[in-house]
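The values are calculated or read from the model by the stated rules, or taken from the named source; none is laboratory data. Model, not experiment: these values are computed from the prediction. Cβ coordinates were reconstructed from backbone atoms using ideal geometry, including for glycine residues, and neighbour counts include every protein chain displayed.
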């Protein structure tokens, strides 16, 4: 189970949600009649700052976020959002992913070189050991975004071998 969770976390880091290009358009297209200009119910979804200041988002926990809770209420509820129709499951999942990733204003980018999973600025045996522990499900690494060394969208033993080859190369 830990191994599956590690892959999910890694996948979400590698393919993070961008607020401006993915989340704000959902709000603009589906929430605009009530929550862009006139802020019905005190919720203004016109921009990132207003969304965060609303208190309806618990960064890192979509299930605890009121905004998410309103989106998943049955249409028969008088508190479901949007009140006319519903978002698609893909849109709801995207909002949940964005919240779980920390509800950031921009996509997370990797701040270290590929393979430098411990962030020390060097590609060395410490990166290999850290990555091996992650692959075996016995640890975590500081920069999972740097772990997919062979760029196959998976973190596995092939990445370890590729890093070893780069070190020895």
Q: For the range 97-132, enumerate the residues that are within 16 Å of the chain's Cα centre (by Cα) and buried (at least 18 other Cβ atoms within 10 Å of the Cβ).
A: 98, 99, 100, 101, 103
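Would it be correct to say that residue 28 is under 23 Å from the mean Cα position of the chain (by Cα) and farther than 30 Å from residue 169 by Cβ? First the steps, then the outcome.
Numbers: under 23 Å from the mean Cα position of the chain (by Cα): yes; farther than 30 Å from residue 169 by Cβ: yes.
Spelling it out, residue 28 is indeed under 23 Å from the mean Cα position of the chain (by Cα) and farther than 30 Å from residue 169 by Cβ.
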Q: Check the range 35-47 and report whether any residue there is within 23 Å of residue 88 (Cβ to Cβ), touching a residue at least 40 places away in the same chain (Cβ under 8 Å) and out of contact with any strand residue (DSSP E or B) (no Cβ under 9 Å at 6 or more places or on another chain).
A: no
Q. Tell me, which residue of the range 133-150 that is under 19 Å from the mean Cα position of the chain (by Cα) and surrounded by fewer than 18 Cβ atoms within 10 Å (Cβ to Cβ) is nearest to residue 111 (Cα to Cα)?
A. 142
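Evaluate the following for residue 41: is it on the phi > 0 side of the Ramachandran plot and part of a helix (DSSP H, G or I)? Give the steps one after another, and end with the answer.
Values: on the phi > 0 side of the Ramachandran plot: yes; part of a helix (DSSP H, G or I): yes.
Yes.
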Q. Looking at (1) at pLDDT below 90; (2) more than 20 Å from the chain's Cα centre (by Cα); (3) outside any helix (DSSP H, G or I), which is the only condition residue 46 fails?
A. (1)
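May I ask you to verify whether residue 134 is in contact with a helix residue (DSSP H, G or I) (Cβ under 9 Å, 6 or more places away or on another chain), farther than 30 Å from residue 20 by Cα and outside the structural domain of residue 23 (by TED's automatic domain parsing)? First the steps, then the outcome.
On the way: in contact with a helix residue (DSSP H, G or I) (Cβ under 9 Å, 6 or more places away or on another chain): yes; farther than 30 Å from residue 20 by Cα: yes; outside the structural domain of residue 23 (by TED's automatic domain parsing): yes.
Against the criterion (in contact with a helix residue (DSSP H, G or I) (Cβ under 9 Å, 6 or more places away or on another chain), farther than 30 Å from residue 20 by Cα and outside the structural domain of residue 23 (by TED's automatic domain parsing)), residue 134 qualifies.
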Q.
For the structure I just gave you, tell me whether residue 85 is more than 19 Å from the chain's Cα centre (by Cα) and either crowded, with 17+ Cβ neighbours inside 10 Å or on the phi < 0 side of the Ramachandran plot (or both).
A. no
